[in-house]
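Chemist: What follows is a structure written as structure tokens; I'll ask about it next.
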Amino acid sequence: FVEAIAGGEGLKELVYKEVLRRELPHIARPGARHGAGIHKLAYRSADARGKPVTLSALLIVPEQAPGGPAVDFNGMPIVIGQRGATDSSAAPPSAGGTTMSIPGLIAAGKGHLFLAPDLIGLGDSAALPQAYLVAADTAGQTQDLLRAARAHIQRQYQATLGTDLRLFGGSQGAFSTIASLPHLAREGTVRAVSAAQGPYDVYRTFHGALLAEGGAARDAYAAQENLDFLPNHVRDVMTSFQAYGNYAFDPKLVFQADGKLLPSFLTGYKDGKAGDFVRQLGANSLVTGSQLYDLPQAQVQLYHFSADTLVPAQNTVDMLAALNDGKHRFAGVQRGNCRENSELVKLIVRFSKSKTITHTICVAFQMDDFVGDL
């Protein structure tokens, strides 16, 4: 994290490291009791059409540290982390070298089993399209992973994992975390849900941006958004809907040769001529869905930097309102603290050269809060 925000400047890196040791105390001093073993778990699941597919995931398990207590997998609580959006050629969580390993190592050190699915289209299934923002596929494949992990631990250690579940994810991973809640609630007792910068209302996230790109006034969803990201997001979600939602589209009717959106497509969208696409967006929107949550033990924290230029922060505002509307039952639902008023965060946002810094900076604080509560 420090290397990324310092941009190779040695003095900045030293200063950031020292400050972040204080800002992120639970990551800097995790208080681990155990060692940790990193593994890749391959498991069977299915795609949207019911076709069997082998998927991969990161599995981090506690191991006895020298002089430390023995590890007992019986009754062990489970943490499930969900990755953010990434290219299919990028390193998956199961490779063990991504940032998803950080909460996993700390969780294992504190006596939890940690799982992070690659999801379809990454890792062992990289040859297949990703199910980007496809709620049902993400949820089902995460549920299958949990079942596979339980079976693996039973075979490997003759032990039965516990029922306590804690969920963590950022960006696409935040969407995946909320999307998987109904499925995972059938598998155990959800104790904590930590999600950051999620595009929970897929429809309004794209709708506001597409109208703004076509020249309309920006709504609450498009207010801060960098529209340069929009063409790639539209292509990714259309490709996913085509693969897993029976959505048919011709890229030549949507994109110019340089990858930008065609003016004719934007005009047609504004005029209501993209009904199939709109239906797919709505079907995967979590804010406006009919799902009821009965998770009386779950503490929910949703993080979002208010000036996020990649995923509109209005998603979290509306998701929090939906979860607090009296129809659902949680132990608590609140907004996480991104430390937006801290001098450190202000300096990083001001001087960072990253176009996505306002989208990623919350994750460090989210992660620190999450592992501190384990």
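Chemist: If we keep just the residues of the stretch 304-348 that are touching a strand residue (DSSP E or B) at 6+ places or on another chain (Cβ under 8 Å) and of a type in the set (Gly, Ala, Ser), which is farthest from GLY289 (Cα to Cα)?
Modeler: Among them, the one singled out is GLY336.
Chemist: Still on this model: Any residue at all in the stretch 361-371 that's more than 20 Å from ILE106 (Cβ to Cβ) and either out of contact with any Cys (no Cβ under 9 Å at 6 or more places or on another chain) or surrounded by fewer than 17 Cβ atoms within 10 Å (Cβ to Cβ) (or both)?
Modeler: no
Chemist: Sticking with this structure for a sec: Are there strands (runs of 3 or more DSSP E) fully within the stretch 1-101 with at least 1 residues that are over 19 Å from ARG150 (Cβ atoms)? List them.
Modeler: Where strands (runs of 3 or more DSSP E) fall fully within the stretch 1-101 and carry at least 1 residues being over 19 Å from ARG150 (Cβ atoms), they are 35-46, 52-63.
Chemist: Separate question: Please determine whether any residue of the stretch 325-334 is of a type in the set (Asp, Glu) and modelled with pLDDT under 95.
Modeler: Within the stretch 325-334, one or more residues are of a type in the set (Asp, Glu) and modelled with pLDDT under 95.
Chemist: Moving on to the next point. Among the residues that make up the stretch 187-203, is at least one of them of a type in the set (D, E, K, R), within 27 Å of THR99 (Cβ to Cβ) and touching a Phe, Trp or Tyr at 6+ places or on another chain (Cβ under 8 Å)?
Modeler: Within the stretch 187-203 (the criterion being of a type in the set (D, E, K, R), within 27 Å of THR99 (Cβ to Cβ) and touching a Phe, Trp or Tyr at 6+ places or on another chain (Cβ under 8 Å)), the answer is yes, since at least one residue qualifies.
Chemist: Restricting attention to the stretch 202-248, and to residues there that are among the small types (Gly, Ala, Ser) and under 23 Å from THR138 (Cα atoms), which single residue is surrounded by the fewest Cβ atoms within 10 Å (Cβ to Cβ)?
Modeler: ALA248
Chemist: Continuing with the same structure: With the requirement that a residue be within 26 Å of THR138 (Cα to Cα), in contact (Cβ under 8 Å) with a residue 60 or more places away in the chain and open to solvent by less than 20 Å² (accessible area, probe 1.4 Å), what does the stretch 14-60 give you?
Modeler: Residues satisfying the conditions are GLY37, LEU41, TYR43, SER45, VAL53, LEU55, SER56, ALA57, LEU58, LEU59.
Chemist: Counting just the residues of the stretch 72-82 that are open to solvent by 40 Å² or more (accessible area, probe 1.4 Å) and not charged (D, E, K, R), which one comes out farthest from the chain's Cα centre (by Cα)?
Modeler: ASN74
Chemist: Moving on. Mind checking whether some residue in the stretch 212-231 is aromatic (Phe, Trp, Tyr) and in contact with a Pro (Cβ under 8 Å, 6 or more places away or on another chain)?
Modeler: yes
Chemist: Give the stretch 61-71 a look and list any residue that's of a type in the set (A, V, I, L, M, F, W, C), surrounded by fewer than 17 Cβ atoms within 10 Å (Cβ to Cβ) and touching a residue at least 12 places away in the same chain (Cβ under 8 Å), or say none.
Modeler: Across the stretch 61-71, the qualifying residue is only ALA65.
Chemist: Let me ask you something else. Run SER306 past the list (1) assigned to a loop (DSSP other than H, G, I, E, B); (2) under 30 Å from ARG350 (Cα atoms); (3) open to solvent by less than 10 Å² (accessible area, probe 1.4 Å) and report the number of the one that doesn't hold.
Modeler: (3)
Chemist: If you take the residues in the stretch 249-292 that are outside any helix (DSSP H, G or I), touching a Phe, Trp or Tyr at 6+ places or on another chain (Cβ under 8 Å) and of a type in the set (A, V, I, L, M), which one is surrounded by the fewest Cβ atoms within 10 Å (Cβ to Cβ)?
Modeler: LEU262
Chemist: Go through (1) surrounded by 18 or more Cβ atoms within 10 Å (Cβ to Cβ); (2) more than 27 Å from PRO62 (Cβ to Cβ); (3) modelled with pLDDT under 95 for ASP87 and report which single condition fails.
Modeler: (1)
Chemist: Contact list please: Cβ distance under 6 Å, first residue in the stretch 79-95 and in contact (Cβ under 8 Å) with a residue 24 or more places away in the chain, second residue surrounded by fewer than 22 Cβ atoms within 10 Å (Cβ to Cβ), pairs at least six apart or on different chains.
Modeler: Taking only residues 6 or more apart or on different chains, the pairs are SER88/ALA126; SER94/LYS40.
Chemist: Further question on the same structure: Is at least one residue of the stretch 332-353 part of a loop (DSSP other than H, G, I, E, B), open to solvent by 40 Å² or more (accessible area, probe 1.4 Å) and either within 19 Å of ALA220 (Cα to Cα) or touching a Phe, Trp or Tyr at 6+ places or on another chain (Cβ under 6 Å) (or both)?
Modeler: Yes, the stretch 332-353 contains a residue that is part of a loop (DSSP other than H, G, I, E, B), open to solvent by 40 Å² or more (accessible area, probe 1.4 Å) and either within 19 Å of ALA220 (Cα to Cα) or touching a Phe, Trp or Tyr at 6+ places or on another chain (Cβ under 6 Å) (or both).
Chemist: If you check every pair at least six apart or on different chains, which have Cβ atoms under 6 Å apart with a residue in the stretch 183-200 that is touching a residue at least 40 places away in the same chain (Cβ under 8 Å) first and a residue that is assigned to a loop (DSSP other than H, G, I, E, B) and open to solvent by 10 Å² or more (accessible area, probe 1.4 Å) second?
Modeler: Hits for this filter: GLY188/THR163; THR189/THR163; GLN197/SER171; GLN197/VAL311; PRO199/VAL311; TYR200/LEU286; TYR200/VAL287.
The values are calculated or read from the model by the stated rules, or taken from the named source; none is laboratory data. This is a predicted model, so every value here is computed, not measured. As a convention, Cβ positions derive from the backbone with ideal geometry for all residues, glycine included, and neighbour counts pool all protein chains shown. When the accessible area is computed, the model is the full protein with side chains, heavy atoms only, and any ligands, DNA or RNA have been set aside. Shrake-Rupley method; radii C 1.70, N 1.55, O 1.52, S 1.80 Å.
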